[in-house]
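The values are calculated or read from the model by the stated rules, or taken from the named source; none is laboratory data. This is a predicted model, so every value here is computed, not measured. Neighbour counts run over all protein chains shown; Cβ positions are idealised from the backbone, glycine included. Side chains are part of the model used for accessible areas, which takes the heavy atoms of the whole protein and leaves out ligands, DNA and RNA. Shrake-Rupley method; radii C 1.70, N 1.55, O 1.52, S 1.80 Å.
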Amino acid sequence: MTDSWWKKSVVYQIYPRSFADADGDGMGDLRGIIDHLDHLAELGVDVLWLSPVYPSPQDDNGYDISDYQDIEPLFGTLEIFDELLAGAHARNMKIIMDLVVNHSSDEHPWFQESRSSKDNPKRDWYWWRPARPGMDSGTPGAEPTNWGSVFGGPAWEHDEKTGEYYLHLFSKKQPDLNWENPEVRQAVHAMMRWWLDRGVDGFRMDVINMISKDVSLPDGRLNAGSAYADGSAAFIGGPRLHEFLQEMHREVFAGRDGLLTVGEMPGVTVDEARLHTDPERGEVDMVFQFDHVWVDRGPDPWLLVPLQLTALKAILGRWQAGLADVGWNSLYWNNHDQPRVVSRFGDDSPAHRAASAKMLGTVLHLHRGTPYVYQGEELGMTNHPFGGIDEFRDIEALGQYRQAVELEGRTPEEVLRVLRARGRDNARTPMQWDDSPHGGFTTGTPWLPVNPNHTEINARAQRADPESVFHYYRRLIELRKTEPAVADGDFTMLLPHDERLYAFTRRLGATELLVIGNFSGVEARAEIDGWEGAELVLTNLERPAAGLTLQPWQAVVYRRAV
Ligand code: TEU
């Protein structure tokens, strides 16, 4: 099927806190986004995904929502939101909202009611359980299951008021909603329809593969050295997930056109993703899978594993093959939960930063699927030089640090080494607009410092330089619009055993593209026949000297007729 508009589209993710601050309070806002819509239009992206902008205590930077149908006052008002939506639509860009309904904030009125008494009508809207049989409520180890939360500590919080515990897979200020209760589902559907009626173009659905839980809530497996168990077997891809997504599709999306639905699904398998994205089944248009961003994660979370290119190719190749005939891929290196890709898989030193950023963009955008650009990726923004733990703001970094150092006997240095390289705050330092103090992000004090390299790496300088990462991304995005093989071509992985070169072809009818990226700082030759005389469509450096010999961090895209 080639008539799905989003196959030819590129999504740009905005993390509103860190994008642009128009009112000088140090925090990005909707007016700041409006002020920079032309940057996004010039880049050529089609869809803007806004990380949560709803009222929130900001425990997890907005992924803890206390009112699903309003705008966080730090960010603006519904009127300004409407203005943003109109401004995006006027430039032919759509806006999708972040839908965070696996959990709400503990300050949401639903939870306030739920916690008020055991017989409150909303008690069952969340997961309440008594202490483990034979144990006293509130004593160590009495939690209903042995699960750990993603942000450190147990996944259960004891509530004095009724003596029971509530489940929170993430922070204790993010209680999990109970999707078994049909009233919860209906309330969520009504809220979603309200946003669509307002004109938004779809949703990115946060950890949507965790909404169905095994209601027996079994204990999880305890790994050596960890204080809490991994309970995910009971809530990733749970028994009623497909049913819930199909119901949502019927109740919210059926009969409406031009929308995009993206299911964020940590731990989803290729087989499950085929089911979720098969248009015949009516679930979601694409899933956001995690296998490739877990490529450099070993069994020990506090040991850095260097990238093995053959492993990355095996993972992405498996996803390409698995969704070749049914379903569709999301393609991303970066988002607000990941370190900056040029620092992670590229080389962020001055000599190679721009080249490796462009190479990584080329390889990603030429896969089959819909690419995502995370704010600043189009500038080749890098990780931040974090020092001690006091410089981090992310609840995940702080919570995991506490658990590792205080309960699991890790040294601060070993934990910090990993947080500096992989921590989420790397993605969350402010967008670098120009070389002025605070990078043009704010006139006040930014909530998280701007990377000192904004004097070199910033949007103003790059928009003025035709050889910049920005203009390269612009050409890459344009190629998707002008060369049909980019969106619709078949994908074939080449050189699966090569540790330096990432190579593949895309083919549509009589057109074939060859894409090669050199993931190393040394020259490397691709042993691929039959491309003599092919047209060079795109490269990030000078034209390769001889045949398919690539310079350090070079990328090439060739086209031939077959
Ligand atoms: O993240 C889902 C998720 O699984 C995260 O735990 C992620 O894998 C991890 O943080 C990577 O270090 C989503 C949102 O994207 C994230 O920002 C939220 O914190 C989380 O859900 C809870 O809403």
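Numbers for the structure displayed
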| item | result |
| --- | --- |
| Karplus 3J(HN,Hα) series, Hz, for region 232-241 with 6.51 cos²θ - 1.76 cosθ + 1.60 (x for Gly, Pro) | 4, 4, 8, 9, 9, x, x, x, 10, 4 |
| Ellipticity estimate at 222 nm from DSSP helix runs (n ≥ 4, -39,500 (n - 2.57)) divided over the chain, nearest 500 | -7500 deg cm²/dmol |
| Taking N as its residue count, the alpha carbon Rg of region 1-93 over 2.2 N^0.38 Å | 1.13 |
| Residue 95 long-range amide H proximity, modeled H, under 5 Å | 48, 201 |
| Evaluated at q = 0.12, 0.13, 0.18 Å⁻¹: base-10 log I(q)/I(0), Debye formula over Cα of region 362-487 | -0.60, -0.68, -0.97 |
| Alpha carbon centroid spacing (whole Å) that separates region 283-308 from region 197-273 | 17 Å |
| When each of 118/213; 8/313; 7/313; 7/481 is checked by Cα-Cα distance, pairs over 19 Å | 118/213; 8/313; 7/313 |
| Cα long-axis angle, helix 469-482 against the chain (0 to 90 degrees, to the nearest 10) | 80 degrees |
| The chain, accessible surface, carbon-and-sulfur percent (1.4 angstrom probe) | 50 percent |
| Principal semi-axes in Å for region 438-562 [√(5λ), Cα gyration tensor, largest first] | 34, 18, 13 |
| Using alpha-carbon coordinates, inclination of helix 78-90 to the longest axis of the chain, degrees | 20 degrees |
| Three semi-axes of the equivalent ellipsoid, region 419-510, Cα gyration tensor, whole Å, largest first | 36, 19, 12 |
| In Hz, Karplus ³J(HN,Hα) per residue of region 446-463 (6.51, -1.76, 1.60; θ = phi - 60°; x = Gly, Pro) | x, 5, 9, x, 6, 4, x, 7, 5, 5, 9, 9, 7, 5, 4, 4, 6, 5 |
| DSSP bridge pairs, the chain: antiparallel proportion in percent, nearest 5 | 60 percent |
| Residues whose placed amide H lies under 5 Å from that of residue 373, excluding near-sequence neighbours | 11, 12, 13 |
| Size of charge dipole - the chain - debye, nearest 20, with Cβ of Lys, Arg +1 and Asp, Glu -1, no other charges | 1100 debye |
| Probe 1.4 Å, protein heavy atoms only - accessible area per residue of the chain in square angstrom | 37 Å² |
| Size descriptor, Kirkwood hydrodynamic radius, that averages inverse alpha-carbon separations across the chain, Å | 24.5 Å |
| Reachable lysines, given that their alpha-carbon falls under 17 Å from the alpha-carbon of residue 122 and they are not under 8 places away in the same chain | 161 |
| Per-selection Kirkwood Rh - region 259-349 (Cα, Å, 1 d.p.) | 14.3 Å |
| Amide proton proximity set for residue 147, modelled H, under 5 Å, gap of 5+ | 155, 220, 229 |
